[in-house]
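Visitor: Have a look at this one.
The values are calculated or read from the model by the stated rules, or taken from the named source; none is laboratory data. As the structure is a prediction and not an experimental result, all values here were calculated from the model. Cβ placement follows ideal geometry from the backbone for every residue including glycine, while neighbour counts extend to all protein chains displayed. Protein only, heavy atoms only, side chains kept; ligands, DNA and RNA dropped before computing areas. Shrake-Rupley method; radii C 1.70, N 1.55, O 1.52, S 1.80 Å.
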Amino acid sequence: MLSLYMFYKGTEKAALTVNRGQVQEVFLDRPGMGSKVGSIYKGIIRHVDHGLQAAFVDYGEDRQGFLQREEVPACKQDQSLRIEQVIQEGQALYVQVQKDAYGTKGAKLSAIITIPGTGLVYLPDGNYVAVSKKLPEERAAKWKAQMTNLLTPGEGVIVRTEADRLSEEVLLEELERLRDKWRALSAQKANPPAVVFRDALIPDQLLRRFPAGTLGEVVVDDGFEARQLRQQYPELSEKIRWEREAETLLPQPLSVLWDRLVSPITSIDRGITLHIDQTEAMTVIDVNSGGYTGHSDKNQTAVMVNQLAAKAIAREIQLRNLSGIILIDFVSMKRPDQQRAVLQTFRQALQQDTQRTEVYGFTKLGLLEMSRKRERPSLMEQLQAPILRGLSFETKCFLLEREIISLSADKIYLLSGRKEQINHFLKLTGSNPAYEAVFVNFQDTNELKLTETDMETVRRDGLDSLDNLF
């Protein structure tokens, strides 16, 4: 069973899944960097294109979103209707992001709003009942009939696979909670364009991503957030627990893990190393067997090295959240049966990944081609400074904030650094009660440095507390 750790203290939220003492996946939620998929906006129709049968919607972001005819409820229910018959320019309309803006393309939007829960997805204007194809036919028919009887005209619902693990009472309560949630959202007096609801990665998307049956525990570092989660997800209430020092329960501290995730080289068993090079176009992974300690013949050695590497690569792809086109340069193998053996090992290892992957096989050059669905930025993109190898200044600021929050309350500390760096740190993290015990010493240095001091030094040098600068 998985352990899910969620860290709320500080501006940046982080979450990790741990399985058998090994970190499996990492999720970061930073201001301005998260995906907008699932978020709901009250937008304004700026242009209806009769030829494209689509509309361009101003929903408050830099680029207008794209709304296709089949994503308008009335058109979905009556295929004969044209888009200009049901929406007009200047009209306010609730829309939900289906696909983030990318490059010069605006976000893909839908006016068929979905309010997701653990076992159900509620559609205020869906007008249909759908059931997960993974449910047995008999159970699917039962849920479809029951939900149809519970819905009012125009409403819709999708019964998720997880519904079969929940009691009927829990599902009915969830349906009512989702209805109430939409009533509250749609009752807001927001002037368009405006955001109505943000589907947060941590905790909402995460707790829907991992069914309750797969989670052994949910560890949270904030007592208030733990109470909120128990109320919001009653089916998980017994598994949610608050640990003030949750980071100490991890296999390694966050700062050590961050450094490992941005390193282009990772060592695995028997002296084998992986070299991971991520570019905008693709990710290339090279298997280096120079330090291999096996004693088999040359042909057998290549297969053994590649099978060990295949398992490790599958873990790294999931851990680093690599996506898009991925090319893997395994140790050269001469025979097709050897390639098939490695391919089978790799595909089995990828079954642990919850994101969709496609493995296409070996090219004539002996490279393995694969792709992985992009759901959010990779960890390298989020943690790594552009061009330079190492942690970005923003990442260092968030780590420093966590360090300050965890400091001893009966001691005094000194933060040294350039004025513009300290101001940027405050701009990123905002105000925090822990800053009262930290005093500032402006120095011409390239790094922010935190050291212990005493009140005598503070008075002698006339230093201000970090809290006073905010």
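Visitor: Going by accessible area, probe 1.4 Å, with all protein chains left in place, what is the ranking of SER39, SER167, largest first?
Guide: So the residues, ranked largest to smallest area, are SER167, SER39.
Visitor: Please report the accessible area of ASP180 (heavy atoms, 1.4 Å probe, ligands and nucleic acids excluded) in Å², nearest 10.
Guide: 80
Visitor: Where the centroid of each part is defined by its Cα atoms, how far is the stretch 334-373 from the stretch 1-33 in Å?
Guide: What the calculation gives is 28 Å, centre to centre.
Visitor: How high is the FRET efficiency from LEU469 to SER267, r the C-beta distance, R0 56 Å, rounded to 0.05? Write down the numbers at each step before the final one.
Guide: Working: r = 43 Å, r/R0 = 0.77.
Step by step, r from the Cβ atoms, then E = 0.85.
Visitor: Taking the Cα atoms of the chain, report the difference between the largest and smallest coordinate on each principal axis, in whole Å and largest first.
Guide: Rounded to whole Å, the extents work out to 72, 71, 48 Å.
Visitor: Right, here's the next one. Quick check: with the 1.4 Å probe, what order do HIS424, HIS50 take by accessible area, largest first? Spell out each step's value before the answer.
Guide: Values: HIS424 65, HIS50 100 Å².
Listed by decreasing accessible area, they come as HIS50, HIS424.
Visitor: Using a 1.4 Å probe, how large is the accessible area of THR451, given in Å² and rounded to the nearest 10?
Guide: Surface accessible to solvent at THR451 totals approximately 50 Å².
Visitor: I need two numbers for the stretch 190-339: Rg to one decimal and Dmax as a whole number, Cα atoms only, in Å.
Guide: For the stretch 190-339, the Cα radius of gyration and maximum Cα-Cα distance read 21.4, 72 Å.
Visitor: So between GLU403 and GLU447, what do we pick up on full extension, going 0.36 nm a residue minus the alpha carbon distance?
Guide: Numbers: separation 44, 0.36 × 44 = 15.84 nm, distance 1.51 nm.
Using 0.36 nm per residue and subtracting the Cα-Cα distance, I get 14.3 nm.
Visitor: What does a probe at ASN127 reach in the stretch 42-76, counting residues whose amide N is under 12 Å from the point 7 Å along Cα→Cβ?
Guide: 72-76
Visitor: Also, quick follow-up: Residues with amide H under 5 Å of GLY117's amide H, sequence separation 5 or more or different chain, H placed in the peptide plane at 1.01 Å from N; which?
Guide: Sorted by chain and number, the residues that satisfy this are TYR122.
Visitor: Let me check against my output: what whole-number percent is the relative contact order of the chain, with C-alpha pairs under 8 Å and at least 6 apart?
Guide: Details: 831 pairs, mean separation 57.3, N = 470.
This gives 12 percent for the chain.
Visitor: May I have the convex hull volume per residue, in Å³, for the Cα set of the stretch 134-277?
Guide: For the stretch 134-277, the hull spanned by Cα atoms encloses 226 Å³ per residue.
Visitor: Same structure, new question: From the helices alone, meaning DSSP H stretches of at least four residues, give me the mean residue ellipticity at 222 nm for the chain, per-run term -39500 (n - 2.57), in deg cm²/dmol to the nearest 500.
Guide: Details: 13 runs with 139 residues, N = 470.
Taken over the chain, the calculation gives -9000 deg cm²/dmol.
Visitor: Between ALA145 and SER332, what is the spin-label point distance in nm, taking each point 7 Å from the Cα along the Cα→C-beta axis?
Guide: The two pseudo-label positions are separated by 6.6 nm.
Visitor: OK, next. Let me check I have the definition right: for the stretch 401-470, take the eigenvalues of the Cα gyration tensor, multiply each by 5, take square roots. What are those semi-axes in whole Å, largest first? Mind showing how you got there, number by number?
Guide: Details: eigenvalues 55, 45, 23 Å².
Semi-axes, largest first: 17, 15, 11 Å.
Visitor: Ok, one more. Scan the chain and note any complete DSSP helix (H) whose C-alpha atoms cover at least 30 Å along its axis and whose Kyte-Doolittle average is -0.5 or more. Before the final figure, lay out each step's value.
Guide: On the way: long enough: 298-320 (32 Å, -0.11).
The qualifying helices are 298-320.
Visitor: Same structure, new question: Measure out, as a whole number of angstrom, how far apart the alpha-carbon centroids of the stretch 67-117 and the stretch 415-447 sit.
Guide: Answer, in whole Å: 45.
Visitor: Could you check the simple spin-label distance between SER167 and THR152, using points 7 Å along Cα→Cβ, in nm with one decimal?
Guide: Going from the SER167 label point to the THR152 one covers 2.7 nm.
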